[in-house]
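Everything on this sheet refers to the single structure shown next.
The values are calculated or read from the model by the stated rules, or taken from the named source; none is laboratory data. Predicted model only: the values in this text are computed from it and were never measured. Note that each Cβ is placed from the backbone with ideal geometry, even for glycine, and that neighbours are counted across all protein chains shown. Please note that ligands, DNA and RNA were not included when accessible areas were found on the heavy atoms of the full protein model with its side chains. Shrake-Rupley method; radii C 1.70, N 1.55, O 1.52, S 1.80 Å.
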Amino acid sequence: MVSNVSGSSSRILQEEIDKLKAEKSSIEDRISALQAQLNEEKDKDKDSSTCCFPSSLSINASSCFQHALSPDMIYRYSRHLLLPSFGIEAQSKLLKSSILVVGAGGLGSPALLYLAASGVGRLGIVDHDVVELNNLHRQIIHAEAYIGQSKVTSAAAACRAINSTVQIVEYKEALRVSNALEIVSKYDIVIDATDNAPSRYMVNDCCVVLGKPLISGAAVGLEGQLTVYNHDGGPCYRCLFPTPPPTSACQRCSDSGVLGVVPGVIGCLQALEAIKVASSVGESLSGRMLLFDALSARIRIVKIRGRSFHCEACGENAAFKQPMFQKFDYEKFTQSPFASTPLKLNLLSESDRISSKDYKARVTNGEPHVLVDVRPAHHFKIVALPKSLNIPLSTLKDKLPAISSALKEEEVTDSSSGSSASLYVICRRGNDSQRAVHYLHQMGFTSARDILGGLESWASDVDPNFPTY
Amino acid sequence: MQLTLEFGGGLELLCESVKIHNVNVDLEAGEEKLTMKDLLSWVRTNLIKERPEMFMKGDSVRPGVLVLVNDCDWELSGQLDTTLEEKDVVVFISTLHGG
């Protein structure tokens, strides 16, 4: 009874919280949109008032100050202005610059926050994705209230909240060959904060075709990389990587994991490089690459090759111009998709696979069986089905005797039925389990079958309380 | 010849997740110098424990791997023909795409 009461009251509280959160986020969106509108109005007024002033007055005003910073701006950016090597000149250039950030994820989050705060004139954000709970540990620009909403909406609101004087342009779409030229041409500098190989080649080629400097960052696991392409006579991405790597060499954060701070560090450095290029201060990383290893706390800056004479994108005789860019198939070129949707392998015939629901029914019926989970050991520690036997795919070859003895044990326990025990194989999404079953068949375990869609299908079709990751 | 070899960007997974290897590579009989070409075949034989195709393609590294000799792109020192010297540091790093 007591737990029932507290259960229902906590449900009411939760509902109230959810309702308020939704209201809060819609109010924030509204404020953000109105603020943008207000800024545009102010800009218009400024333009028209300059025109109306007698010319002598405007000359007087500009002769006092060699820049266009308002008193508010001077106060806001005062710590930049106090830097002898940055000062009013660099800040003025920054205020007139425009930067496009492609991707509002782990790299884009800190990059956008710093660029907005530091007073970039116009900031474009491109992303087609929505905010998810498992983004929040690293994509620090997004808050819980924006889960399920567009990343661009969320990032734009966060940037406007920090600095309402920056013009934020929202592109809630994926960057593709069809829209890239039009979008990128409106900016001085591009930040590559994407998460896949085809996008990286596409963003590079677009920048080469349009002559824009590209601040490129990447992070997976506990490592990050950073450089500036197509700037100051330096190389472009294709000079360095003329041939795309095999698909199997392209790790994704959703498979390999990533420590939140690592893209954070690289994203901050991308903002720094962009600010340096925009305001023409310091030495950019063009022709050099920064390699960051978080685990050993090591940063290495290496010299990379210069612009390649033979580069297909930026070389002397390169035929790569706008029409060719618009026809180029980047997914075919890199053999991997733009979207970060996981691979769906189809290695086995239908009779060698069962659904998670079917497997559940067999467990309920008490069918004697062995369930082998072929995920890596650290995945198995997160969550696993009861009584499953963890034999990571990489060790399967050496662990066949363990499977044989587990099957025998199962048959002895269930001596009444007299039938042999079945062998099922499961993994996270149903790809490695197919590879394992394929191998087991070759090794004589002909009855082995895999569970379609792995633990993800168990969670979606059988047990909604089963954790996914 | 004493060399320090480092693997990164996921390539360390091919050599039992060890990133830094201090190794001693002997010159082939009759050879006077050690080139990167020699070192690559030595690494493939002695350090790469699995999926060698993720490290090499033909007699060079696979696409997407940067090779740095003493913090400098091997393109600048002659690629496979780069001559190595005592105590050199050679880094093999796979380019990352995530973000």
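Annotations for the structure displayed:
- Considering residues of segment B:55-71 that are buried (at least 21 other Cβ atoms within 10 Å of the Cβ) and not small (G, A, S) only, the residue nearest to the other protein chains (Cβ to nearest Cβ): B:L68
- Residue check for B:G9: under 19 Å from A:L240 (Cβ atoms), without any contact (Cβ under 8 Å) to a residue 40 or more places away in the chain, among the small types (G, A, S) and at the interface with chain A (Cβ under 10 Å from one of its Cβ atoms): no
- Residue ranges of helices (runs of 4 or more DSSP H) in segment A:89-204 with at least 3 members within 30 Å of A:S78 (Cβ to Cβ), out of contact with any strand residue (DSSP E or B) (no Cβ under 6 Å at 6 or more places or on another chain) and modelled with pLDDT of 95 or more: A:108-118, A:151-162
- Residue check for B:L80: hydrophobic (A, V, I, L, M, F, W, C), in contact with a Lys or Arg (Cβ under 8 Å, 6 or more places away or on another chain) and more than 10 Å from chain A (Cβ to nearest Cβ): yes
- From A:G221, A:G264, A:G260, A:G233, residue being farther than 23 Å from A:A117 by Cβ and more than 10 Å from chain B (Cβ to nearest Cβ): A:G233
- Entry remark, segment A:304-335: residues being part of a loop (DSSP other than H, G, I, E, B) and either open to solvent by 100 Å² or more (accessible area, probe 1.4 Å) or in contact with a strand residue (DSSP E or B) (Cβ under 8 Å, 6 or more places away or on another chain) (or both) number 10 in total.
- Verdict on A:A361 being of a type outside the set (D, E, K, R) and over 19 Å from A:W458 (Cβ atoms): no
- Top-ranked residue in segment A:193-207 [being more than 7 Å from every other protein chain (Cβ to nearest Cβ) and among the hydroxyl-bearing types (S, T, Y); ranked as nearest to A:S336 (Cα to Cα)]: A:S199
- Total residues in segment A:118-132, condition surrounded by fewer than 18 Cβ atoms within 10 Å (Cβ to Cβ) and in contact with a helix residue (DSSP H, G or I) (Cβ under 8 Å, 6 or more places away or on another chain): 2
- Matching residues in segment A:224-260 - criterion: being touching a Gly at 6+ places or on another chain (Cβ under 6 Å) and hydroxyl-bearing (S, T, Y): A:S256
Yes/no per residue for (1) without any contact (Cβ under 8 Å) to a residue 12 or more places away in the chain; (2) within 23 Å of A:T227 (Cα to Cα); (3) within 14 Å of chain B (Cβ to nearest Cβ):
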| position | (1), (2), (3) |
| --- | --- |
| A:I304 | no, yes, yes |
| A:C311 | no, yes, yes |
| A:Q335 | no, no, yes |
| A:L343 | no, no, no |
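- A:A384 meets the conditions (1) over 19 Å from A:N431 (Cβ atoms); (2) away from every other protein chain (no Cβ under 14 Å); (3) assigned to a loop (DSSP other than H, G, I, E, B) in every case but one. The failed one is (1).
- Matching residues, segment A:76-113, being away from chain B (no Cβ under 14 Å), crowded, with 19+ Cβ neighbours inside 10 Å and hydroxyl-bearing (S, T, Y): A:Y77, A:S92, A:S97
- Residues within segment A:243-295 that are within 28 Å of B:V69 (Cα to Cα), in a loop (DSSP other than H, G, I, E, B), open to solvent by 50 Å² or more (accessible area, probe 1.4 Å) and not β-branched (V, I, T), tallied: 4
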